1. Ordered by packing density, taken as the mean number of other Cβ atoms within 10 Å over each peptide's residues, highest first, how do 221-227, 8-14 rank?
2. Mean residue ellipticity at 222 nm from the helices of the chain, using -39,500 (n - 2.57) per DSSP H segment of n ≥ 4 over the full residue count, to the nearest 500 deg cm²/dmol?
3. Using a cut-off of 17 Å between alpha-carbon atoms, which lysines can reach Lys112, once sequence neighbours fewer than 8 places away in the same chain are excluded?
4. What are the residues whose amide H is under 5 Å from the amide H of Leu13, where those residues sit 5 or more places off or on another chain and H is modelled from the backbone?
5. Given the peptides 53-63, 198-208, arrange them by the average over their residues of other C-beta atoms within 10 Å, most packed first.
6. Using DSSP H assignments, which helices in the chain have an axial alpha-carbon span of 18 Å or above and a mean Kyte-Doolittle hydropathy of 0.0 or higher?
7. Peptides 101-112, 264-275: what's the order by average Cβ count within 10 Å, highest mean first?
8. Which residues' amide hydrogens lie under 5 Å from the amide hydrogen of Val221, considering only partners 5 or more residues apart or on another chain, with H built in the peptide plane?
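Each value in this text was obtained by applying a stated rule to the coordinates, not by laboratory testing. Only a predicted model underlies this, so the values are computations on that prediction, with no experimental measurement involved. Cβ coordinates were reconstructed from backbone atoms using ideal geometry, including for glycine residues, and neighbour counts include every protein chain displayed.
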Amino acid sequence: MMNFSREQRTVELGDVKFGGQPGELPTVLFGTAFYGKKFLNPDMAALDEVRESIRAQEELSRMTGNPSVVDVFLGDTESMAKRLELVLEELPKPRPFSVDVPESAVRQAVLKHARETGISDRLILNSFNLAAGPEELDALREYPPGCAILLAYNPKDFSVDGRIDMLESGAGYLEKGLLGLAEEFGIKNLLLDTGATPFDHSAAETLRSIPVMKNRWGLPVGCAIHNTVESWLWMKEYRKDHKPEYLTCDVGSNALPVLLGADFCVYGPIRNAAAVFPFVAMVDKFMAEGAEDYFGVAQAEDHPRRKLG
């Protein structure tokens, strides 16, 4: 169990809170919708699957007390508006949502679309990272999202210091660090992602960065540690005939960030929500009990420690 001497800031976006001391607030869980080949040109059955997955995540969030965020995968501008419309139809206001957008041009379009449709204040950009070129920086300045996840991934230096360098100076990829740029653009709500790296690429530094960043800035910190499991070369072959065992590793990986003080986990495909939410709620109960016993950190009644008996 741990507690930070630096004051820990709470980011509140809509009805979701991130941050605080370890064990204070429940872990926020991001499940990614439209993830996989079947959603490149989805038929009605695939769209219905997305709707059902969002409803299932919402129900699991109500049951456990762990806040949920739908992370919308957007691979092109053509399907962007329809995907966002479908997701927002399923979410209660003012629930935030995030967008997972690999291409810079699409990120620019999403930022503009969010402003034009009045949903910028609910938008979590996943993520603001080293790939942002001049045009994307201009779009961030003109259409800032309600919240941005700052991705500390630094391909030149996988160490904790390298990840911090990306946030503070831009690590030679950007004119300023991501923190400084976000402040310049007026993005008031910030989440830090330590940037999951594969095994043999300093994967442990992904986790070790969590308490370092929380102690350095007091901001909410998390990661998508399931990406380390997904990129595991041995597991890629093994899981072909052992899907339940793979899911155990994939889901179980989310305990590691929480035990090191993380405030959120991007856990992967939203279809895995039924396995992830009870598991992380259990870890939250351990963390919360220790936080109260050792440091006097109390929890609200809707925290898994209180809610799940």
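1. Ranking the peptides 221-227, 8-14 by packing returns 221-227, 8-14.
2. Working: 13 runs with 140 residues, N = 309.
About -13500 deg cm²/dmol.
3. Candidates past the 8-residue exclusion: Lys82.
4. Phe18
5. Numbers: 53-63: 18.3, 198-208: 16.7.
Packing proxy ranking, top to bottom: 53-63, 198-208.
6. Numbers: long enough: 44-64 (30 Å, -0.54); 104-117 (20 Å, -0.50); 203-217 (22 Å, -0.39); 273-295 (31 Å, 0.75).
Helices passing the filter in the chain: 273-295.
7. Highest to lowest by the protection proxy: 264-275, 101-112.
8. When sequence neighbours closer than 5 places are left aside, the close amide H contacts are Leu192, Asp263, Phe264.
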